[in-house]
1. State which residue pairs qualify: first residue assigned to a loop (DSSP other than H, G, I, E, B) and inside the stretch 204-220, second residue surrounded by fewer than 18 Cβ atoms within 10 Å (Cβ to Cβ) in any location, beta carbons under 6 Å apart, and separation of 6 or more residues or different chains.
2. Can you find a residue that is assigned by TED's automatic domain parsing to the domain that holds PHE115, buried (at least 16 other Cβ atoms within 10 Å of the Cβ), of a type in the set (S, T, N, Q) and in a strand (DSSP E or B) anywhere in the stretch 40-58?
3. Can you go through ARG211, ARG201, ARG225 and tell me which one is among the charged types (D, E, K, R), under 17 Å from the mean Cα position of the chain (by Cα) and either modelled with pLDDT of 95 or more or under 21 Å from HIS253 (Cα atoms) (or both)?
4. Within the stretch 208-252, can you find the residues that are β-branched (Val, Ile, Thr) and farther than 30 Å from ALA37 by Cβ?
5. Where residues in the stretch 228-265 are over 21 Å from LEU145 (Cα atoms) and assigned to a helix (DSSP H, G or I), which of them is nearest to the chain's Cα centre (by Cα)?
6. Quick one: which residue in HIS249, HIS233 is touching an Asp or Glu at 6+ places or on another chain (Cβ under 8 Å) and either within 26 Å of PHE136 (Cβ to Cβ) or not small (Gly, Ala, Ser) (or both)?
7. In the stretch 71-93, which residues are in contact with an Asp or Glu (Cβ under 7 Å, 6 or more places away or on another chain) and either surrounded by fewer than 16 Cβ atoms within 10 Å (Cβ to Cβ) or over 17 Å from ALA37 (Cα atoms) (or both)?
Amino acid sequence: MQPEDFRCKQRLAVRWAEVDAQKIVFNAHYMLYADVAITEYWRQMAMPYEASWAKLGGELYVKKAEVTYHAAAVMGDVLDVGMRCIKQGNSSLQFECGIFRGRQLLNTVELVYVFADADRKPQPLPQALRDALTAFEAGEDMVTLQSGNWNDLGRAAERLRMEVFVREQGVPAEIEMDEFDPICRHVVAFNRLGQAVATGRLLTDAPGVARVGRMAVDRAVRGSRVGRLVLDHLVETARQRGDSAVVLHAQCHAQNFYARAGFVAEGGIYQDAGIDHITMRKVF
């Protein structure tokens, strides 16, 4: 077993609270590391946990958790924790977790979950879940991008934007939906369950200059590259239609996200809807 055997990996640093007087990790914390990794697993599958299981009509409950110790992690270690699904039963899923320091395997954790209804009565695994797990472990894309007009994608885009901008960030609902929506090109990312998990739009800012806006990603899947897929699609759409540059008004906390995609900040910080923003530009 090696780190590259796992498609889903999470990097963790050992903290003081997780070690004993000899600075060796308490065995119980390996279960915590596995729990963090399984959360990351569903995030990388672009499955918002609560909404996804509600749509599937059940939830996963732990039936078995077993730790096999190989070597100690110590204070100061940076660990790579891999998670993979190794077996699908009738109503159960078996996961294997590998905890590594570099290429040294320190711990393996076996987790068996049962898919059950609200009364914890086991139910057959939904085919949609089986298909999504198989696709993820095979390295396939977990989202599909759909591009279209407001009539095509407005309902999905509005739900995401209301959740992120209005309910989460406190933007007034009356200014979130504006007069530009009907004339924009919209993109929405849908996961393997058909749930909208990210969106953005493209309009013309000036002749030859496109503007990306209303980028919203479901909170539960942020950091899974879904937002980057939407951004790259919008930028490529602008390039293909002949624009020479793309601008956007980034919330300051997201500045690094756009910088990694090649956008450069210009001008000073300003407020929009009570949130600090900065203008950023990418020139082709």
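1. GLY208/SER244
2. Scanning the stretch 40-58, I find no residue that is assigned by TED's automatic domain parsing to the domain that holds PHE115, buried (at least 16 other Cβ atoms within 10 Å of the Cβ), of a type in the set (S, T, N, Q) and in a strand (DSSP E or B), so the answer is no.
3. Working: ARG211 fails: under 17 Å from the mean Cα position of the chain (by Cα); ARG201 fails: under 17 Å from the mean Cα position of the chain (by Cα).
None of the others qualify; the one that does is ARG225.
4. Let us first name the residues in the stretch 208-252 that are β-branched (Val, Ile, Thr), namely 209, 212, 217, 221, 226, 230, 235, 237, 246-247.
Residues satisfying the conditions are VAL209, VAL212, VAL235, THR237, VAL246, VAL247.
5. The qualifying residue nearest to the chain's Cα centre (by Cα) is ALA254.
6. On inspection, the qualifying residue turns out to be HIS249.
7. The one that is in contact with an Asp or Glu (Cβ under 7 Å, 6 or more places away or on another chain) and either surrounded by fewer than 16 Cβ atoms within 10 Å (Cβ to Cβ) or over 17 Å from ALA37 (Cα atoms) (or both): ILE86.
For every residue, the table says whether it meets (1) in contact with a strand residue (DSSP E or B) (Cβ under 6 Å, 6 or more places away or on another chain); (2) within 28 Å of ARG219 (Cα to Cα).
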site: ALA54; (1), (2): no, yes
site: GLY58; (1), (2): yes, yes
site: ALA71; (1), (2): yes, no
site: ILE99; (1), (2): yes, yes
site: ALA116; (1), (2): yes, yes
site: PRO124; (1), (2): no, no
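The values are calculated or read from the model by the stated rules, or taken from the named source; none is laboratory data. Every value quoted in this text rests on a predicted model; they were computed, and no experiment measured them. Note that we place each Cβ from the backbone using ideal geometry, even for glycine, and neighbour counts take in every protein chain shown.
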